[in-house]
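Have a look at the structure below before the remarks.
The values are calculated or read from the model by the stated rules, or taken from the named source; none is laboratory data. Quick caveat, the model's predicted, so the values are computed rather than measured. So basically every Cβ, Gly included, is an ideal-geometry build from the backbone, and we count neighbours across all protein chains shown.
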Amino acid sequence: MPLNDDDFMRYSRHLLMDDIGEAGQEKLTQAKVLIVGLGGLGCPVALYLAAAGVGHIDLCDPDRVDKTNLQRQVLYRTEDCGELKVACAKDRLQALNSEITVNALAREVDVEILAGPPLTESYSAVIDCTDNVAARQLINKACYQQKTPLISAAAVGWEGQIVAFDFRHYRRLCFSCIIDYKSTEPMMNCANSGVVGPVLGVMGSLQSTAVMRVLLGFFEQHGELQRYDGKRGQWLTMQCAVDPRCPICGPTDS
């Protein structure tokens with residue numbers, strides 16, 4: 001659908017860029033993404049993608065706003081405490097950009113959401129903003145099997161990390177190669193270990209940037225893990241290795 005006069009005004013700073021322009025903005029407008037988790041990562045991701053004009057955004061999270069969220073989850077207000085996160089987020093995103101479609105899914109991510117209708121038909125990209133290893137593995141498996149780009153990030157304390165996979169073009173190396181899928185150790189997260197709010201903002205901003213690169217056709221860093229040390233202000237980039245025993249992308253899958 002061509003851009004209208006309001007779009008030309010709203011997205012004028014994109015339209016000025018040779019590598020986005022009108023054609024790129026139309027790609028964003030036609031895209032549909034799924035954001036899983038509306039916490040400290042999902043909030044900035046949703047805000048930036050809505051502001052950028054990503055045309056259809058589905059929000060998936062079963063939780064309600066708690067006062068402890070307000071230190072870092074920038075979509076919510078004190079008066080939102082007790083309300084569903086996805087409902088509050090939807091209202092804020094639609095107020096920011098009434099031209100896009102936002103759906104609120106107040107539920108845990110599960111096979112029903114990820115398996116039907118097929119992700120490749122439903123979403124241009126899936127953004128993993130969860131803090132749960134089981135959910136991440138479920139999302140990774142579905143994205144790999146259905147060749148859907150996956151952008152995943154995490155943060156705890158002063159540190160954050162981000163990794164993305166373009167399963168449309170690469171069939172080796174996935175999230176399960178990086179994270180020990182057999183581990184029974186309890187996972188460190190914001191609830192049990194604390195987190196610096198702006199570190200989540202940094203990682204969420206990088207996630208939304210990676211999503212835009214995928215949608216615009218600029219993404220090339222499949223499986224490249226970036227780690228951020230907010231306390232020292234330092235970055236470390238690593239190219240992860242394929243796990244030959246990986247149950248998702250290992251040699252048994254052709």
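Annotations
- Residue pairs whose Cβ atoms lie under 9 Å apart, separated by 6 or more positions or on different chains, with the first residue in region 87-116 and under 18 Å from Ala135 (Cβ atoms) and exposed (fewer than 14 other Cβ atoms within 10 Å of the Cβ) and the second modelled with pLDDT of 95 or more and charged (D, E, K, R), are Arg107/Asp61.
- Scan of region 9-28 for residues that are within 18 Å of His56 (Cβ to Cβ) and among the small types (Gly, Ala, Ser), ordered by number: Gly24
- Count of residues meeting criterion [more than 30 Å from Arg10 (Cβ to Cβ) and surrounded by 20 or more Cβ atoms within 10 Å (Cβ to Cβ)] in region 117-140: 6
- Within region 233-254, considering residues that are touching a residue at least 24 places away in the same chain (Cβ under 8 Å) and charged (D, E, K, R), the one surrounded by the fewest Cβ atoms within 10 Å (Cβ to Cβ): Asp253
- Among all residues of region 169-187, there is at least one that is assigned to a helix (DSSP H, G or I), among the polar types (S, T, N, Q) and either on the phi > 0 side of the Ramachandran plot or in contact (Cβ under 8 Å) with a residue 60 or more places away in the chain (or both).
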